[in-house]
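Engineer: Could you have a look at this structure, given as C-alpha cells, before my questions?
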Amino acid sequence: MLGKLKSLGPGLLYAGAAIGVSHLVQSTRAGAQYGYILIIAIILAHFFKYPFFVLGPRYAQENNESLIEGFAKIGNWAIGLVGILTFLTMFTIQAAVTIVTAGLVQKIGNFSCSPILIAIIILSICFVILRLGKFNILDHLMKVVMIILSVSTGVAFLFSFKSSLDITNMVHAPFSIKNKEDLHFLIAFVGWMPAPLDIAIWHSIWILIKPQKEQHNTHFDFKVGFYGTALLGICFLILGANTLYSTSVILEATAGGFAAQFIDIFVQNLGPNFYWIIAIAAFTTMFSTTITCLDATPRVMLKIMQQTTENFRWNVLSFWQILTTMGTILILLFFLENMKQMVSFATTLSFLTAPIIAGLCYKVVKNNSTQSLWSPVETKLALCGIFVLTSFSILYIFA
C-alpha cells in the first residue's frame, strides 16, 4: 500500500485539475443557494462521466498512447474537432481558475492591488515552475497540495455541523428544473463537476509522462483521484449549506469579493481559529487547478500538432504554454466583467462541448478491437451519459 501511495501521480494531477472552481465556487454556491439537494447532482455527474474519465488512463496503459492518437485513428475530422474544442475552451478555463486564485491571494495577503495583476503574477509563477521543473515539480507538488487540501477541508467540514442553521430544511430547498435560472445553474454546476470531460484526454497524456515502471498502479491511482474529487465536492457543498443556506447572504460576483466573503463567512460560523484552515484549503485548491490546467491544455495542443502535421517532431510545449498564458491575460484584461460571469461562461461552455468529447470517446472504444476498454456495464453507462449530456445541452439551448 505504501508503495502505491508513493507512486501516485497522474491521479493526483487529475484531482488537482478537477478540485477547483467546481468545488470551491460552484459547490459552495450550490449549498448556499439550494441546501443539500444538489448532492444528487454531484453523485449523478460522477456516475455518468465515469466511463469517459476512466478511459483516459486505461487507454494510455493498454495502448501506450494518449487519447489524441485514439482520436486520430477515427479520422482527421475527429482530431481536428478536438483541436477546435480545446482551443475554444482553453483560455476561458484558464482565466476562470486563475481569477479565483487571484481573489484568494488578494484576501489572504490583504493586497490592495487589482486581482487581475495578481492573476498575471500567478500565471507567471506557474509558467516558471512548469518550465524549470517540467513535469517532476508538478508531480511532487501535487502530492503535498492534495494532503493539505484533504486534511484542511475535512476539519472544516466536520466543524461546520456546529452551525445553528436548520439542517432539516436543506434537503427540501427550492429547486426546479423547469425554472430557467435553476436550469442554467445546474448546467454550469455539472459542467465542471468534477471536471470537464477534456480531463480524460489530459489524464491519458500525464500517464505516458510517468516512467514505465510506475504505470502499473494506474487503476488505483485513478480511483484515488476520482473518488477523492467526489467526496470533496460533497464536502464543499455541505460547507456552503451549513454556513450560508437561509442566511440571505448573496455571494459576491468579483474575485476579491467572493474570496473575502468565502473565508470571512466560514470563519464567522466556525470560529477565528479556522481562518488559516479555510484559507489554506481554498488557496491550495485553486493553485493546484491553475498550474495543472496550464500544464494540460498546451500538452493537448502539442499532441494534436504532432498528429496532424506530417513529420512534425519539434517539442513546442513552451510555445503553447506561452500562448495559453498570454491569451488568458488578454481575456482577464479586456473581457472579464466579474468572476461569476467568467466562471458561469467557462463551465457552461464545457458542458455544451461534453457530448462531443463523450461521443468521440465512445467511438475510440468501439474502434479498439484488440481489447475491451469498457465492461458491458460501463458501455451502457457511457451511452446513458451521452444521452443525458446531449439532452440537457439541447434543453439549455432551447430553454
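Engineer: For residue 155 and residue 179, compute 0.36 nm times the residue count separating them, minus their Cα-Cα distance, and round to one decimal in nm. Provide the component values of the computation, followed by the final result.
Structural biologist: Working: separation 24, 0.36 × 24 = 8.64 nm, distance 3.53 nm.
Computed gain between residue 155 and residue 179 is 5.1 nm.
Engineer: Using R₀ = 30 Å, calculate the FRET efficiency as 1/(1 + (r/R₀)^6) where r is the Cβ-Cβ separation of residue 250 and residue 394; round to 0.05. Before the final figure, lay out the partial values.
Structural biologist: On the way: r = 31 Å, r/R0 = 1.03.
That pair, residue 250 with residue 394, gives E of 0.45.
Engineer: What nm distance separates the two modelled labels at residue 268 and residue 384, each placed 7 Å from Cα along Cα→Cβ?
Structural biologist: 4.2 nm
Engineer: Pull out a ≥ b ≥ c, the square roots of the eigenvalues of the alpha-carbon gyration tensor of the stretch 77-135, then state rounded if a/c is under 1.5, prolate if not and a/b is larger than b/c, and oblate in the remaining case.
Structural biologist: Oblate is the answer for the stretch 77-135, as a/c is 1.5 or above yet b/c matches or exceeds a/b.
Engineer: While we're on this one: Sticking with the crude label model, points 7 Å out along Cα→Cβ, report the distance from residue 372 to residue 316 in nm, one decimal please.
Structural biologist: Simple spin-label model gives 4.3 nm for this pair.
Engineer: Which net charge results when you count Lys and Arg as +1 and Asp and Glu as -1 among the other residues whose beta-carbon is under 12 Å from that of residue 385?
Structural biologist: Residues close to residue 385 contribute a combined charge of +1.
Values quoted throughout were computed directly from the atomic coordinates according to the rules given, and no laboratory measurement underlies them. Since the model is a prediction, treat every value here as computed from it, not as a measurement. Note that each Cβ is placed from the backbone with ideal geometry, even for glycine, and that neighbours are counted across all protein chains shown.
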